[in-house]
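A short reminder: the numbers here are calculations on the coordinates, not readings from a lab. Everything numeric here is computed off the predicted structure, so don't read it as measured data. In this analysis, Cβ positions are derived from the backbone assuming ideal geometry, glycine residues included, and neighbour counts consider all displayed protein chains.
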């Protein structure tokens with residue numbers, strides 16, 4: 001296989017997640033539209049681009065604050081009303097795109113946290129004790145910023161998750177997913193090597209035991225050929241990251257395009273975490289193989305594909321990578 005370019009991996013990651021998520025959101029007219037995971041991933045890109053643009057001009061910016069303002073813009077674009085105590089960030093190009101304005105069923109923790117008008121953090125958590133997949137699903141873009149090292153990727157994604165998800169496991173799951181994407185974009189060599197990096201990270205994090213245990217169960221299940229919906233695999237089916245990794249490893253060996261289809265299909269069967277697991281599997285394989293692995297029919301049916309491409313180009317431009 002020809003080594004994909006960084007640009008192809010960035011496009012592949014963002015489009016792969018969107019295609020995987022939209023496959024479960026087929027509209028009455030046959031179109032496949034954005035769901036909340038894709039919308040929020042694009043707003044993660046937009047928040048990062050804003051912070052990078054400030055940095056490129058020599059102006060220090062609080063990356064997490066930029067992300068919070070971006071998520072607040074998504075919140076209002078969805079038709080929600082933020083409290084008067086919340087800041088009112090200036091509109092940006094993304095806010096005017098119909099694909100991100102169409103109301104979707106988002107993770108309730110994302111909505112409830114943003115509705116407070118408060119900026120959650122690890123020191124002042126919102127939704128403490130509750131778990132949801134919304135923070136992890138939107139975290140792939142952190143792994144796409146080529147100028148960041150692994151430690152910074154983990155820190156930014158953990159802080160970004162804490163804006164809406166106060167549970168430590170949610171923060172560590174988000175950081176681990178972004179590190180998985182980062183390893184894939186770097187061309188770490190194999191999917192197993194990417195997973196090994198994530199296991200190493202989780203092994204050193206407080207509050208990550210549950211995520212790490214589920215991930216290890218998923219790897220073991222892939223090695224033994226255990227189906228995602230088998231009772232023995234129940235421990236990882238509830239953890240989207242682990243379910244995605246199981247799907248990707250269990251279907252490895254096929255040609256990239258077939259691998260993408262097989263992995264997303266298997267992830268879509270992974271119990272309660274199936275939708276988030278499918279997005280993660282699609283994002284990972286898009287980052288690993290590049291855009292060439294994505295199904296042509298899925299891309300053609302994706303309403304808003306050009307919005308994804310535009311945001312991918314904005315991120316590449318901000319990081320100094322030619323598209």
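Numbers at a glance
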read-out	value
The chain: Rg to Rh, with Rh as the Kirkwood radius over Cα pairs	0.94
Value of relative contact order over the stretch 13-146, rounded to a whole percent, pairs C-alpha under 8 Å and six or more apart	27 percent
Cα principal axis extents for the stretch 13-162, largest first, Å	47, 35, 32
Tail fraction, Cα-Cα pairs, the stretch 168-290, threshold 24 Å, whole percent	15 percent
Stretch gain in nm, segment residue 24-residue 124, where the contour uses 0.36 nm per residue and the Cα spacing is subtracted	32.5 nm
Kirkwood Rh, Cα atoms: Rg over Rh of the stretch 1-98	1.04
Mean separation of Cα contacts under 8 Å (6+ apart) over length of the chain, as relative contact order %	27 percent
For the stretch 68-110, Kirkwood radius (reciprocal of mean inverse C-alpha pair distance, Å)	11.0 Å
All Cα pairs of the stretch 107-182, percent lying beyond 17 Å	36 percent
Mean Cα-pair separation over length for the stretch 118-170, i.e. relative contact order, pairs under 8 Å, 6 or more apart, %	65 percent
Residue 152-residue 309 pseudo-label distance in nm [points 7 Å out on the Cα-to-Cβ vector]	3.0 nm
